[in-house]
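The block underneath contains the structure these notes are about, expressed in structure tokens.
The values are calculated or read from the model by the stated rules, or taken from the named source; none is laboratory data. Small disclaimer: the values here were computed from a predicted structure and weren't measured. Note that we place each Cβ from the backbone using ideal geometry, even for glycine, and neighbour counts take in every protein chain shown.
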Amino acid sequence: MAGTPRYSIVIPMYNEEEVIEETYRRLKMAMSTVGESYELLFVNDGSRDRCAEMIREYAFWDSNVRLLEFSRNFGHQVAVTAGMDHAAGDAVILIDADLQDPPELIPSMIAKWKEGYDVVYAKRLRRKGETWFKRATASAFYRVLRACTDTPIPVDTGDFRLMDRKVVAEMSRLTEKNRFVRGLVSWVGFQQTAIEYERDERLAGETKYPLRKMIKLCLDGITSFSAKPLKLAGYAGALLSAAGFVYLAYILCLAMFTDRAVKGWTSLMGITLLLDGVILLMIGILGEYVGRIYEESKNRPLYILKDSVSQEKKQEPVRY
Ligand code: UDP
Ligand code: MG
């Protein structure tokens, strides 16, 4: 590849052997309509199938293909970050490997970029072929996040987006470990705009985002961009103490001025259970934040590369 490419397309992949050939073909086709230089930067997030070998083969023939390999599975958001760290293009495009984000949208993103926008994100109008549970939880998540934070993070928007070099450079200065990439991009600022699209079904295979990973992403998003849940704990505590105080006054009056003895073991038990639940929840919220402080303080690298493949690199050792 002569010189630096104009566009870098970052494709994180985790066990995507069933789709990767078609993804490669459609990305090449979309980029050929643009007619400028580009690189396809695949990030293998510790896949246990053959997808990395397939990319190696493409890289052998195709100088536009590069591969970064993690030493194990570090997660989607980290894979995207690694791709951005290593991308060389003037504009960097993030896209999922499973073709839920149509590559055919890239030329329109590039057109917007040429109009002068620094970030062009793709907003999902509809999501096809996903369970009602996924759609409902995703939709609730974006709205809770919007209510919690002062950073204007667009709703119903994934990581499918184009970013100018200067945005990518600023992103690499954000060193936090529990990353919510789409939020960080909003936080960085610059001129941002949206294009709308209909999210397709996954081409093949099943989602690599089980509920466990979705919950982590959701907690990362909220805790990285808002301290409101901590304040919520405080408010709830204040409210409950006030209610408790009123109730205490009431039972004291009962005891002093009437002979109606307070019977309720049930009510006592009910209140105890309720309050214990609330207290545990509040401690849990504290724990989420403290755990993240702990992660940051360990200061471990975000990811470990096992290998990186490109034709340029292959030619390096040839010296005369
Ligand atoms: N992915 C990854 N590491 C993971 C999980 C997912 O790199 O630990 C990649 C995956 O290969 C895909 C993208 O992240 O390219 C989005 O994942 P997926 O399509 O499974 O998520 P969904 O669309 O179901 O939310
Ligand atoms: Mg998907």
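For segment 55-85, which residues satisfy the criterion of being away from ligand 1 (no atom under 11 Å from the Cβ) and surrounded by fewer than 18 Cβ atoms within 10 Å (Cβ to Cβ)?
Once the filter is applied, which keeps residues that are away from ligand 1 (no atom under 11 Å from the Cβ) and surrounded by fewer than 18 Cβ atoms within 10 Å (Cβ to Cβ), segment 55-85 yields Arg56, Glu57, Phe60, Trp61, Asp62, Ser63, Ser71, Asp85.
Considering only residues that are surrounded by fewer than 19 Cβ atoms within 10 Å (Cβ to Cβ) and within 16 Å of ligand 2 (Cβ to nearest atom), which ones fall in segment 157-181?
Thr157
Considering segment 1-28 alone, what residues qualify as being in a loop (DSSP other than H, G, I, E, B) and more than 16 Å from ligand 2 (Cβ to nearest atom)?
Selection gives Met1, Ala2, Gly3, Thr4, Pro5, Arg6.
Which ones in segment 94-106 are under 11 Å from Arg161 (Cβ atoms), among the aliphatic types (A, V, I, L, M), within 16 Å of ligand 2 (Cβ to nearest atom) and buried (at least 21 other Cβ atoms within 10 Å of the Cβ)?
Leu94, Ile95
For residues that are surrounded by fewer than 18 Cβ atoms within 10 Å (Cβ to Cβ), within 14 Å of ligand 1 (Cβ to nearest atom) and in a helix (DSSP H, G or I), tally how many sit in segment 190-238.
6
Within segment 173-200, can you find the residues that are among the charged types (D, E, K, R) and either more than 19 Å from Ile106 (Cβ to Cβ) or without any contact (Cβ under 8 Å) to a residue 60 or more places away in the chain (or both)?
Residues satisfying the conditions are Arg173, Glu176, Lys177, Arg179.
Considering only segment 182-190, I want to know if a residue exists there that is among the basic types (Lys, Arg) and either more than 27 Å from Tyr289 (Cβ to Cβ) or within 16 Å of ligand 2 (Cβ to nearest atom) (or both).
Within segment 182-190 (the criterion being among the basic types (Lys, Arg) and either more than 27 Å from Tyr289 (Cβ to Cβ) or within 16 Å of ligand 2 (Cβ to nearest atom) (or both)), the answer is yes, since at least one residue qualifies.
Any residue at all in segment 29-44 that's touching a helix residue (DSSP H, G or I) at 6+ places or on another chain (Cβ under 9 Å), modelled with pLDDT of 95 or more and within 16 Å of ligand 2 (Cβ to nearest atom)?
Yes: one or more hits.
Pick from segment 29-54 the residues that are among the hydroxyl-bearing types (Ser, Thr, Tyr) and part of a loop (DSSP other than H, G, I, E, B): which of them is surrounded by the fewest Cβ atoms within 10 Å (Cβ to Cβ)?
For segment 29-54, the residue satisfying everything is Ser37.
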